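Notes follow once the structure below has been shown.
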Amino acid sequence: MNASLLEVDGLTVELPGTARPVLDAVTLRVAAGEVVGLVGESGSGKSVTARAALGLLPPGARRAGRVLVGGEDVLGAGQGRLRALRAAEVSMVFQDPRAGINPVRRIGDFLTEPLRLTRRWNRRRAEERAVELLAAVGLPEPERQLRRYPHQLSGGMLQRVMIAGALAGEPRLLLCDEPTTALDVSTQAEILALLGRLQRERGLGLLLITHDVELAAATCDRVYVMYAGRIVERATAAELFGRPRHPYTIGLLGSTPPLTGPPARLRPVPGTPIGLDEAAPGCAFAVRCAFAQAGRCDQEVPALLPLVDGADGAGHAAACVRLAEIPSPAEEVRP
Amino acid sequence: MTPLLEVTGLRKAYGPTLAVDGVSFSLPPGGALGLVGESGSGKTTTARMLVGLERPDSGSISVLGRPLAPAVHGRAARLARAKAVQMVYQDPYLSLDARLTIGETLDGVLRLHGHHDRSARAARVREVLAQVGLGDREAAAHPRRLSGGQRQRAAIARALAVEPAVLVLDEAVSALDVSVQAQVLNLLTDVRREAGIGLVFVSHDLAVVRYVCDEALVLWQGRPVEHRPLPELLAGPEHPYTRLLLASVPHPGWDPGGIARRRRALSELVPGERPD
Ligand SMILES: Nc1ncnc2c1ncn2[C@@H]1O[C@H](COP(=O)(O)OP(=O)(O)OP(=O)(O)O)[C@@H](O)[C@H]1O
Ligand SMILES: Nc1ncnc2c1ncn2[C@@H]1O[C@H](COP(=O)(O)OP(=O)(O)OP(=O)(O)O)[C@@H](O)[C@H]1O
Ligand code: SF4
Ligand SMILES: [Mg+2]
Ligand SMILES: [Mg+2]
């Protein structure tokens, strides 16, 4: 197996004034050349996990566990070391593109400045590289875009500028937080074609946070499912979408509107996600789970255990005390 | 019956960029129109003109038979405008005030729209937030302290609190995970049916558009290229871009490289020339 680019090892993050940890013993890895999906409930901690890989934690956070990028502990690293890692090793495409860019600077400055500062390239060389990157993410008239301001670009154009920026330093690990949510599907395909090429040619490792189950199924090698700060299921993409086992994952797949067939009312997972101000004694999903059983599910936190029945193969694991009794809806979920 | 929204011949250019050209449609009470198209095709620009954030170069917009004034002056006119059309942006930070908690923002909106009783307002704030799956902790939080999807739901709640005639959503459910998204989509179909609110729904997700809308208008390089009921559009897309759009939906065996090549070939066509 390839060396891990990212190793999150039992990461727990607690914020002041909350009843449960934001992240609770999260363990995940991304190897070189691997595309790993992270899906899950809104507020379950996906972005906090990805940001931790950049050495960023919410203010006031207390943490336990480790986050290794290229073997180096980023949560213990000093500012200088972090800057160096972010320049060469790991970069991130943030969820809200407009929040990550200075509105009064031109696109060209945003893209060339890091190259000029960290690589000491001259303006001309940095601009050539920026044009190349913008063309690679499918922006028309890349030279012209360099002179424009963020507000002059559409949402999807700006999102692609952010992706170009994240690729500028040729990172080995790319963290993509909903990178294509604002993109139409054909532009999305163009971005994923580019990332796929980098993955094959340069062994880029990719952590792809997405709520788009179909996209994760079509692009990821492995997928982790998060709920209320915990990993509740992990498997290869084929396994997870073919034979989901955790009740939350099953509910998630059932909530996706289909593109074909009779349009029936959607059946979302009932209830609302559990907030940071609520703590559950046992399984955090119990209040919404159709299979919840008093006396079992509310006793202790279900551990993420490997599935032992042959068909599940290596690596499929789920955190549910009633796994053996819950049928995987396999075919009904994904026709 | 007077249409809720009547739009004719909208056009908007930014210098050399013709962002929107020749967009017309009409929306009956409780109607829902999907606006789809590739990145940069003019969807947000169209939406911004509908809420009066952008002045069209030509064309007209009327809500309930009354032309939307090009500029609004005074508090009463502003409130009437807000009540006519509300928009939820792609970027939730635009709908929310970073200095206020979510609860304060919603309370302010209700106060502005003439809800004077403090405790009734508090109850209404809770009710609207509950509709989008947010509770007391989120109500007490500032936007920065929420997850992306929580922020987006807060922005939707803010727009719904105004009880507008027309709600324009610009990729507003794209960032939501599917189980929360399903709740919001059901909520949108309910406000359509029960309150007769009209929806203009910008989304790249055709399955979602099919779920929420009756018909869709496909934009390509600022121009409408197809405007048909959804079942028809999905069963027999006519314009090459619409066909590409359908082929691009992720599915097993999806080939992003092939789609990217088709997309580039299409974009090299001269704008205005009808490809085939
Ligand atoms: N800076 C912060 N300060 C305090 N709380 C925070 C901060 N950032 C996130 N949170 C909280 O931590 C939890 C996890 O947030 P996170 O952004 O990781 O969610 P997510 O899984 O990315 O959700 P989404 O799909 O909605 O983006 C949420 O309850 C959120 O409100
Ligand atoms: N304020 C502005 N100044 C100059 N050009 C602009 C401005 N706003 C939009 N444009 C241009 O108008 C075109 C249409 O943009 P618009 O934001 O409407 O696209 P969109 O369909 O919403 O795209 P996306 O799916 O990426 O959000 C783009 O070429 C964009 O660069
Ligand atoms: S542990 Fe119990 S409540 Fe939790 S997912 Fe399994 S069955 Fe449901
Ligand atoms: Mg997030
Ligand atoms: Mg837009």
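Data for the structure
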| item | result |
| --- | --- |
| Residue within region B:166-175 that is more than 15 Å from the chain's Cα centre (by Cα) and at pLDDT below 90 present | no |
| Selection count, region B:135-154, where residues are more than 15 Å from ligand 4 (Cβ to nearest atom) and over 22 Å from A:A50 (Cα atoms) | 5 |
| Test: residue in region A:221-236 that is surrounded by 24 or more Cβ atoms within 10 Å (Cβ to Cβ), in a helix (DSSP H, G or I) and either more than 10 Å from every other protein chain (Cβ to nearest Cβ) or not aromatic (F, W, Y) (or both) | no |
| Flag for A:A182 being among the small types (G, A, S), within 16 Å of ligand 5 (Cβ to nearest atom) and either assigned by TED's automatic domain parsing to the domain that holds A:A31 or closer than 23 Å to A:D96 by Cα (or both) | yes |
| Single residue of A:A189, A:A136, A:A182, A:A193 found to be small (G, A, S), touching a residue at least 40 places away in the same chain (Cβ under 8 Å) and either surrounded by 24 or more Cβ atoms within 10 Å (Cβ to Cβ) or facing another protein chain (nearest Cβ under 9 Å) (or both) | A:A182 |
| Residue list for region B:144-162, restricted to those being in a helix (DSSP H, G or I), in contact (Cβ under 8 Å) with a residue 40 or more places away in the chain and within 11 Å of chain A (Cβ to nearest Cβ) | B:R144, B:G148, B:R151, B:Q152 |
| Single condition B:H251 does not satisfy, out of (1) facing chain A (nearest Cβ under 10 Å); (2) at pLDDT 90 or above; (3) open to solvent by 10 Å² or more (accessible area, probe 1.4 Å) | (2) |
| Qualifying positions in region A:237-268 - in a helix (DSSP H, G or I) and within 20 Å of the chain's Cα centre (by Cα) | A:A237, A:A238, A:E239, A:L240, A:F241, A:Y248, A:T249, A:I250, A:G251, A:L252, A:L253 |
| Test result for A:G271, within 16 Å of ligand 3 (Cβ to nearest atom), more than 16 Å from the chain's Cα centre (by Cα), of a type in the set (G, A, S) and buried (at least 21 other Cβ atoms within 10 Å of the Cβ) | no |
| Qualifying residue in region A:186-201 (condition: small (G, A, S), in contact with a Phe, Trp or Tyr (Cβ under 7 Å, 6 or more places away or on another chain) and not in a strand (DSSP E or B)) | no |
| Total residues in region A:45-97, condition within 26 Å of A:V232 (Cα to Cα) and assigned to a helix (DSSP H, G or I) | 7 |
| Exclusive hit being at negative phi, of a type in the set (K, R) and modelled with pLDDT of 95 or more, set B:R78, B:R121 | B:R121 |
| Which listed residue, of A:R125, A:R144, A:R129, is open to solvent by 70 Å² or more (accessible area, probe 1.4 Å), outside any loop (DSSP other than H, G, I, E, B) and at negative phi | A:R125 |
| Helices (runs of 4 or more DSSP H) completely within region B:163-276 that count 3 or more residues being charged (D, E, K, R) | B:178-195, B:256-267 |
| Qualifying residues in region B:14-35 (those that are within 13 Å of chain A (Cβ to nearest Cβ) and under 14 Å from B:P229 (Cβ atoms)) - the one nearest to ligand 5 (Cβ to nearest atom) | B:G34 |
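The values are calculated or read from the model by the stated rules, or taken from the named source; none is laboratory data. Remember, predicted model here, so these are calculated numbers, not experimental data. Note that we place each Cβ from the backbone using ideal geometry, even for glycine, and neighbour counts take in every protein chain shown. The protein model used for the area step is the full one, side chains on, heavy atoms only, and it has no ligands, DNA or RNA in it. Shrake-Rupley method; radii C 1.70, N 1.55, O 1.52, S 1.80 Å.
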